[in-house]
Amino acid sequence: MFSACRPCSRCLQTLCRLAVLFLFPLLAVTAAAAAPAPGGAGGGVALPRYPALSPDGKLLVFSYQGDLWSAPSDGSQDARRLTVHPAYDGPAVFSPDGRQIAFNSSRYGRSEVFVMPAGGGTARRLTYYSGGSTLRGWADSGRRVLLTSIREHQRRGPAFYTIGAGIAPGRPKPLLSVRDITSGELSPDGKRLVFAQGTNDWPRRGYHGAANADLWVYTLATRQFERLTTFDGQDLWPRWLPDSKTVVYVSERDGTYNLYRQSAVRGAAPVQITRYKGDGVRFPTLSANGSQAAYEVGDRIATVSLAAPQTPRTVALTVDADDKINPTELQTLTSGASELAATPDGEQIAFALKGDIFVADREGGKAVRLTDDPARDDDFTWSPDGETLVYVSNRDGHPELYAVTSADREEPRLSRTLKRTTRRLT
């Protein structure tokens, strides 16, 4: 009768203690119904970040392992690493002619703006500011770069600046200072700036209220503002199409972050492009020719045609590269335990460390690891005979009870046995 309930942490602690009293005679029967953990998804590298499309839409630059990589946007070839610095590089934006890439990097501490050849090469630093600068795009037909930064004592967030993209970039020139900017981009003709304004962070889904982000257009020549969206939820990441009259952006107006297209005039009706449910679109980019968009969705990058309605396609990105650091590390830890419990006779002590459970003899010495999985294992207690440890784990996607015992009849102590068995109880 409890199959539809997912108990809270406090309830699980109580259940854990009740299991010690009532469930141990049924352990073998209960464990037989345990289901295997679900398998992982395939189809390329997981968690590539911040896609950037070349002007013709044929190349895709993205961040992975903290570096920039380039691959065909259809995933037909392995990606090629463009940067190798230990610092984090990304996001990136192609120049209008496709010959250069501007990108953010934290290689000097705070995130600053750099440029490099699109095919790889030496990165050249453009910004030098202790507060950092965030890349937004290109300006002045590729001669300058658009960025946001908190300078000159702004109290309500960053302002827009442009800086030269050449050998001598000079000082950033102020373009527009308005409060609570979250993203923005200059139109291809350089006449208008579209930006999102709001204080609600994008990871907070389903928000409706005064802090939601709306889209605005600022005309440089007249210094006039025009509000594009009035939806009381999130409208984010606006991008211009080549005509400088239409924007593509992400909105949560159907309950999920999806792509929309809208004329850059107040009152224009948005046209929905994607129709994801659940996890939606993040950090979109458009090719300069307006043929397609790329974006993050789930743990992958996907593309969708803007020329005609089509189904989005997940890009199966593959990389052929060695690890930047050792994938495993041997550690000897002597502190940091967050929880402990002794057997009733006091001969064994179980403790939690870095999300796993260990057990050791009372006299000390090397501890034995009882759990070894990416999930968090904690809230444990011993059986009255001191031979079984019951604990809580979310390894199957939600908190459940598990029990670990010795599988060696000659050695029932978990701190001494070389054979153990783990059973799921709930």
Subset of region 162-181, residues over 22 Å from Asp97 (Cβ atoms) and hydroxyl-bearing (Ser, Thr, Tyr), comes to Ser177
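Test of understanding: among Tyr161, Tyr128, which residue is aromatic (Phe, Trp, Tyr) and part of a loop (DSSP other than H, G, I, E, B)? If you could, list the steps in order and put the result at the bottom.
Numbers: Tyr161 fails: part of a loop (DSSP other than H, G, I, E, B).
Tyr128 is the lone residue from the list that is aromatic (Phe, Trp, Tyr) and part of a loop (DSSP other than H, G, I, E, B).
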Which of (1) hydrophobic (A, V, I, L, M, F, W, C); (2) surrounded by 19 or more Cβ atoms within 10 Å (Cβ to Cβ); (3) over 22 Å from Leu333 (Cβ atoms) is the odd one out, the single condition Ala407 does not satisfy?
-> (2)
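Residues that are modelled with pLDDT under 90 and closer than 30 Å to Trp69 by Cβ: list the strands (runs of 3 or more DSSP E) wholly contained in region 318-366 that include at least 3 such residues. Write out each step before concluding.
Working: elements: 339-342, 348-353, 356-361.
Hits in region 318-366: none.
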Given the conditions (1) farther than 19 Å from Ser149 by Cβ; (2) surrounded by 13 or more Cβ atoms within 10 Å (Cβ to Cβ); (3) touching a residue at least 24 places away in the same chain (Cβ under 8 Å), every one holds for Ala165 apart from (1)
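Check Thr134, Thr199 and return the single one that is modelled with pLDDT of 95 or more, among the β-branched types (Val, Ile, Thr), within 27 Å of the chain's Cα centre (by Cα) and surrounded by fewer than 22 Cβ atoms within 10 Å (Cβ to Cβ).
Numbers: Thr199 fails: modelled with pLDDT of 95 or more.
So the residue among Thr134, Thr199 that is modelled with pLDDT of 95 or more, among the β-branched types (Val, Ile, Thr), within 27 Å of the chain's Cα centre (by Cα) and surrounded by fewer than 22 Cβ atoms within 10 Å (Cβ to Cβ) is Thr134.
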Residue identified as farther than 26 Å from Ala307 by Cβ and of a type in the set (A, V, I, L, M, F, W, C) among Leu126, Leu60 | Leu126
Which of (1) of a type in the set (Gly, Ala, Ser); (2) over 25 Å from Ser335 (Cα atoms); (3) not in a loop (DSSP other than H, G, I, E, B) is the odd one out, the single condition Gly397 does not satisfy?
-> (3)
Being in a loop (DSSP other than H, G, I, E, B), of a type in the set (Ser, Thr, Tyr) and more than 28 Å from the chain's Cα centre (by Cα) is the filter here, so list the residues in region 208-236 that pass it.
-> Thr222
Tabulated pairs, region 335-353, first over 11 Å from Leu389 (Cα atoms) and outside the structural domain of Ala367 (by TED's automatic domain parsing), second of a type in the set (Lys, Arg) and in a loop (DSSP other than H, G, I, E, B), C-beta under 9 angstrom, 6+ apart or interchain | none
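Which residues, taken from region 93-134, are of a type in the set (A, V, I, L, M) and either more than 19 Å from Pro172 (Cβ to Cβ) or without any contact (Cβ under 8 Å) to a residue 12 or more places away in the chain (or both)? Walk me through it before giving the result.
Start the filter on region 93-134 by keeping residues that are of a type in the set (A, V, I, L, M), which leaves 93, 101-102, 113, 115-116, 118, 123, 126.
Ile101, Met116, Ala118, listed by residue number.
Would a scan of region 101-110 turn up a residue that is of a type in the set (Lys, Arg) and under 19 Å from Gly164 (Cβ atoms)? Full working, then the answer.
Initial filter on region 101-110 (of a type in the set (Lys, Arg)): 107, 110.
Pick out the ones that are also under 19 Å from Gly164 (Cβ atoms) and you get none.
No, every residue in region 101-110 fails to be of a type in the set (Lys, Arg) and under 19 Å from Gly164 (Cβ atoms).
Yes/no per residue for (1) among the aromatic types (Phe, Trp, Tyr); (2) within 27 Å of the chain's Cα centre (by Cα); (3) loosely packed, with under 14 Cβ neighbours inside 10 Å; (4) not assigned by TED's automatic domain parsing to the domain that holds Arg239:
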| residue | (1), (2), (3), (4) |
| --- | --- |
| Ala268 | no, no, no, no |
| Ala294 | no, yes, no, no |
| Arg300 | no, yes, no, no |
| Ala321 | no, yes, no, yes |
| Ile325 | no, yes, yes, yes |
State whether one or more residues within region 170-182 are out of contact with any strand residue (DSSP E or B) (no Cβ under 7 Å at 6 or more places or on another chain), within 30 Å of Val265 (Cβ to Cβ) and at pLDDT 95 or above.
-> no
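Looking at Ser287, Ser263 in this structure, which one is modelled with pLDDT of 95 or more, over 19 Å from Leu215 (Cα atoms) and in the same structural domain as Asp214 (by TED's automatic domain parsing)? Give the derivation first.
Details: Ser263 fails: over 19 Å from Leu215 (Cα atoms).
The unique qualifying residue is Ser287.
The values are calculated or read from the model by the stated rules, or taken from the named source; none is laboratory data. All figures in this text were calculated on a predicted structure; none of them were measured in a lab. As a convention, Cβ positions derive from the backbone with ideal geometry for all residues, glycine included, and neighbour counts pool all protein chains shown.
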